[in-house]
Amino acid sequence: MHRKDSQQQRVRAFAVIAFVVAGAACARPVAPPPTPQPVIRPPQLVPSPASLVTASGAAFNITRATGISVDTTNAEVRAIGEMLAALIRRPTGFPVAVTSPSTTAGGAIILRLAPERSSLGGEGYELNVTTDSVRLVAASPAGLFRGIQTVRQLLPVDIESEMGIERSSWTIPALTIVDQPRFAWRGAMLDVARHFFTVREVQQYIDVLALYKLNVLHLHLADDQGWRIVINSRPKLTAIGSLTQVGGGPGGFYTQQDYQDIVRYARARYITIVPEIDMPGHINAGLAAYPDLACSTRPPGLYSGTDVGWSTLCVDKEATYAFVDDVVREISAITPGPYFHIGGDEVQTLTPEQYVRFVERVQGIVNKYGKKMIGWEEITKARLNPTTVAQQWKSDSATAALQYGSKLVLSPAPKAYLDMKYTPSTKLGLNWAGYVEVRDSYDWDPATYMKGVTERDIVGVEAPTWSETLRNISAVEYLAIPRLPAIAEVGWTPQAARDWENFRSRLATHEPRWQYLGVNYYRSPQVPW
Ligand code: TNX
């Protein structure tokens, strides 16, 4: 395979090959008549798994008779089996029954929950493919879901087609994969405030995250230009605050039902939604709705420009904390994930003391409603709880969080900001952090990126997409792909198993997948398409 075989991997490779040969010999003592050899493609997985051993020359072939066997009494596992079945049915036209292992028909693709395999972790899985079966085992449903993404990527790219396709074979190469993520937090952020994106558009983005085993979608739900989620106790936030966006378009907002639809869609793909209401700054849309929350006497109007740092809640007013309480309470109640993001970035109109007092008080409110707080790295000026997470984006100031036992999510702009232009000729995006080509996004190690920060201090990585220049999800996709798959591999794959040359050649094989899926992408000259 593509990676330098370790001694251990080589030993296991022999074991796997021996097993396959022996298995084939037992099952068929008489040689079958020669049939045309199915084409077996080497695995081209993104993110690359923690360990992979191929059994050369052999493959499992999906046919009209192939079924999926799952414990049908477990609704969650059954739903994962149905997702894989639906994926296979569409282009093949095969019936792909999902049955319980006890039925005689018992499928040759077996998904099994094995809680005792706790060493696989909360998202890990083991996949064994032989000529006779595909066996996927995980300690949790999330692991099974990550595992079926691997099965999906091992199948011919035609598996992504929405139309029936005639193929002589649908093979999965024989192999053994034992896999689990390096980091627990592998995220993407979408700014739905500068431009609004519909529920369907957000779900399309979630589909891309799922394919690359990402597990967090952070939604930037409010900023100067728009407030995008209904707060029942503060109806003007959306009645007034949602009415515009950058450039003066119509804006938009999610009802709480819409938001819950997004949460549910993400949850079915084992992706956690992290809601962000940016405060005390980036709050003009909220102030336009409730002018009393500002210190100024002149009521602020709606804003459709792109300046930052100028708006703020009046942090010395009690009313401000009643407001924050309402917002945090209502959003927390419809958010099953453990985090609430308070923003906290780029406040230029408060004293350091005012800022710190605000963040510490809001931290208490977030915790009161059962959530852990996360905020942009500026929050490290305040005294943080150990459960609070600081999101690094521009400098080393995030390291101040470590003195409190808080951990970090790394989103370094020159690596992970998907709203940066790829090159000077990229039409969309910004360039304040420079130009970020695919290799820039790929070639860094979170554990050595910042002085004084080690692997243990990091919960993970996240790729934000700020939407000042992005008017629809196709524009978002153009900037996200292929840099988001690169960040996905930074977050999932052990550092020792990562290599740019190898990554870019695997990445190239994903282009027809994106085409089938109808997602936009940048055809980087760094990738051998
Ligand atoms: C900085 S990153 C911001 C955003 C902008 C972004 C544009 C951060 C915490 N704040 O308000 O949209 O730059 O790249």
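The values are calculated or read from the model by the stated rules, or taken from the named source; none is laboratory data. Note that the structure is a prediction, hence the values are computed from the model and not measured. As a convention, Cβ positions derive from the backbone with ideal geometry for all residues, glycine included, and neighbour counts pool all protein chains shown. The protein model used for the area step is the full one, side chains on, heavy atoms only, and it has no ligands, DNA or RNA in it. Shrake-Rupley method; radii C 1.70, N 1.55, O 1.52, S 1.80 Å.
Computed quantities for the displayed model
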read-out	value
Selected residue [modelled with pLDDT of 95 or more, surrounded by fewer than 18 Cβ atoms within 10 Å (Cβ to Cβ) and either more than 16 Å from the ligand (Cβ to nearest atom) or not aromatic (F, W, Y) (or both)] from P414, P446	P414
Looking only at the stretch 305-335, and only at residues there that are among the charged types (D, E, K, R), more than 16 Å from the ligand (Cβ to nearest atom) and outside any helix (DSSP H, G or I), the one that is surrounded by the fewest Cβ atoms within 10 Å (Cβ to Cβ)	D316
Residue list for the stretch 390-407, restricted to those being open to solvent by less than 40 Å² (accessible area, probe 1.4 Å), within 14 Å of the ligand (Cβ to nearest atom) and either part of a loop (DSSP other than H, G, I, E, B) or in contact (Cβ under 8 Å) with a residue 24 or more places away in the chain (or both)	Q391, Q392, W393, A398
Single condition N520 does not satisfy, out of (1) more than 16 Å from the ligand (Cβ to nearest atom); (2) within 30 Å of P338 (Cβ to Cβ); (3) touching a Phe, Trp or Tyr at 6+ places or on another chain (Cβ under 8 Å)	(2)
Hits in the stretch 472-509 (condition: over 30 Å from P250 (Cβ atoms) and not in a helix (DSSP H, G or I))	P482, T493, P494, R498, D499, T509
Selection within the stretch 278-304 - more than 16 Å from the ligand (Cβ to nearest atom), among the small types (G, A, S) and outside any helix (DSSP H, G or I)	A294, S296, G301
Residue check, Y265 open to solvent by 20 Å² or more (accessible area, probe 1.4 Å), touching a residue at least 60 places away in the same chain (Cβ under 8 Å) and either in a loop (DSSP other than H, G, I, E, B) or within 17 Å of D191 (Cβ to Cβ) (or both)	no
Residue in the stretch 210-227 that is touching a residue at least 40 places away in the same chain (Cβ under 8 Å) and surrounded by fewer than 18 Cβ atoms within 10 Å (Cβ to Cβ) present	no
Test: residue in the stretch 420-431 that is buried (at least 18 other Cβ atoms within 10 Å of the Cβ), part of a helix (DSSP H, G or I) and modelled with pLDDT of 95 or more	no
Given (1) open to solvent by 20 Å² or more (accessible area, probe 1.4 Å); (2) in a loop (DSSP other than H, G, I, E, B), number of the condition D258 does not satisfy	(2)
Candidate set from the stretch 274-294 (those that are more than 16 Å from S233 (Cβ to Cβ) and free of Cβ contacts under 8 Å to residues at least 40 places away in the same chain); member that is surrounded by the most Cβ atoms within 10 Å (Cβ to Cβ)	L287
Answer residue from the stretch 175-187, given it is assigned to a strand (DSSP E or B) and in contact with a helix residue (DSSP H, G or I) (Cβ under 6 Å, 6 or more places away or on another chain) and is nearest to L127 (Cα to Cα) among those	T176
Sole residue being within 26 Å of the chain's Cα centre (by Cα), open to solvent by less than 10 Å² (accessible area, probe 1.4 Å) and touching a residue at least 40 places away in the same chain (Cβ under 8 Å), chosen from L113, L190, L136	L190
